[in-house]
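Comments concern the structure below.
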Amino acid sequence: MIEQQHKIKRAIIMAAGKGNRLLPLTHTTPKPLIPVNGVRMIDSVINGLHKNEINEIYVVVGHLKERFYEWVKQYSGITIIDNPYYETCNNISSLYVAREYLSDCIILDGDQIIYNADILSPYFSRSGYNAVWCEEQTNEWLLDVNNGVVTSCSRTGGTKGWQLYSISRWTDEDGEKLKKHLEYEFESGNRQIYWDDVAMFCHFNDYSLGIKEMQKTDIIEIDNLQELVSIDSSYIEYIPENGGITK
């Protein structure tokens, strides 16, 4: 049976977080706007979307949001969405405030570096996440996949599975479901979870998710200063010899 093909119409970029693991840089600059080898993280995401002709883009902001209002002036087709809950809630709040745009959409984090724009292809047959095959031990979320369908997800990682990355696509039908499930969880007070928990755990049986395979070298997710320095040595001054973080 040939599965129906869908095409992404819009993108939602999550960029509201405080980026505490990149302090002191994030005292004055939101993590997605930090340059890495001369290119701001979020610009690599925008460039990847544009290469795939995804031009309707929504960026959810919170921490140092005024910096994003300045940044966005260089682009057309990007709408800023303010998340007033970012200081007290987990990132479920960011997708909640952007829930009107979940139909035929791709959801990404703004603090990723995209090296291969092909991983943001707008064409897909099943809602789900980009993933990398992981043979060795990982502590990241790990998916079991059978015949192209995700059958389970481990929050604590493991071996020999598909590591979930923060790039996901949602059909019109699944986007509408996700909207209702976000509203239910958030408005019921379940505000300290990741938005991904909504589909992957809270309402997993209501979806039939797949994956888009990619390679680890296609993308980098920078989690802390040490990882940043390993990619861009110009930030070495922020890591003293004793391994601490300059305040």
Please give the per residue accessible area of the chain, computed with a probe of 1.4 Å over protein heavy atoms only, in Å². 49 Å²
Folded to 0 to 90 degrees: helix 172-187 orientation relative to the chain principal axis, Cα: 60 degrees
Could you tell me whether segment 40-108 comes out rounded, prolate or oblate from its Cα gyration tensor? Rule is a ≥ b ≥ c as square roots of the eigenvalues, rounded for a/c under 1.5, then prolate if a/b exceeds b/c, otherwise oblate. oblate
With a 1.4 Å probe and all protein chains left in place, how much of the accessible area of segment 1-147 comes from carbon and sulfur atoms, in whole percent? 44 percent
Working from Cα positions, state the angle (0 to 90°, nearest 10) between the long axis of helix 41-51 and the longest principal axis of the chain. 40 degrees
Dipole size in debye (nearest 20) for segment 44-130 around its Cα centre, Lys and Arg Cβ +1, Asp and Glu Cβ -1? 60 debye
What fraction of the DSSP beta bridges in the chain is antiparallel, stated in percent and rounded to the nearest 5? 55 percent
Gap in Å between the Cα centre of segment 145-224 and the Cα centre of segment 60-105? 19 Å
Work out how far the C-alpha atoms of the chain reach from end to end along every principal axis, then list the three figures in whole Å, largest first. 57, 40, 38
May I ask for the Kirkwood hydrodynamic radius of segment 156-234, worked out over all distinct Cα pairs and given in angstroms to one decimal? 15.3 Å
Quick one: putting +1 on the C-beta of Lys and Arg, -1 on the C-beta of Asp and Glu, what dipole do you get for segment 95-237 around its Cα centre, in Debye to the nearest 20? 380 debye
Quick calc, residue 172 & residue 202: beta-carbon distance into FRET formula, R0 22 Å, rounding 0.05, result 0.55
Peptides 105-116, 19-30: what's the order by average Cβ count within 10 Å, highest mean first? 105-116, 19-30
Extension gain residue 137-residue 236, at 0.36 nm per residue separation less the Cα-Cα distance, in nm? 32.8 nm
Return the carbon/sulfur percentage of the accessible area of segment 155-247, one whole number, probe 1.4 Å, all protein chains in place. 44 percent
Restraint check, 65/180; 9/51; 31/179; 51/212; 9/212, Cα-Cα greater than 20 Å: 65/180; 31/179
Going by average Cβ neighbours within 10 Å, how do the peptides 181-187, 88-94 rank, with the highest at the top? 88-94, 181-187
Which three extents, in whole angstrom, do the alpha-carbon atoms of segment 2-66 cover along their principal axes, largest first? 50, 24, 22
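The values are calculated or read from the model by the stated rules, or taken from the named source; none is laboratory data. These numbers were taken from a predicted model, which means no experiment stands behind them. Counting neighbours? That spans all protein chains shown, and the Cβs are built from the backbone with ideal geometry, glycine included. Ligands, DNA and RNA are excluded from the accessible area calculation, which covers all protein heavy atoms including side chains. Shrake-Rupley method; radii C 1.70, N 1.55, O 1.52, S 1.80 Å.
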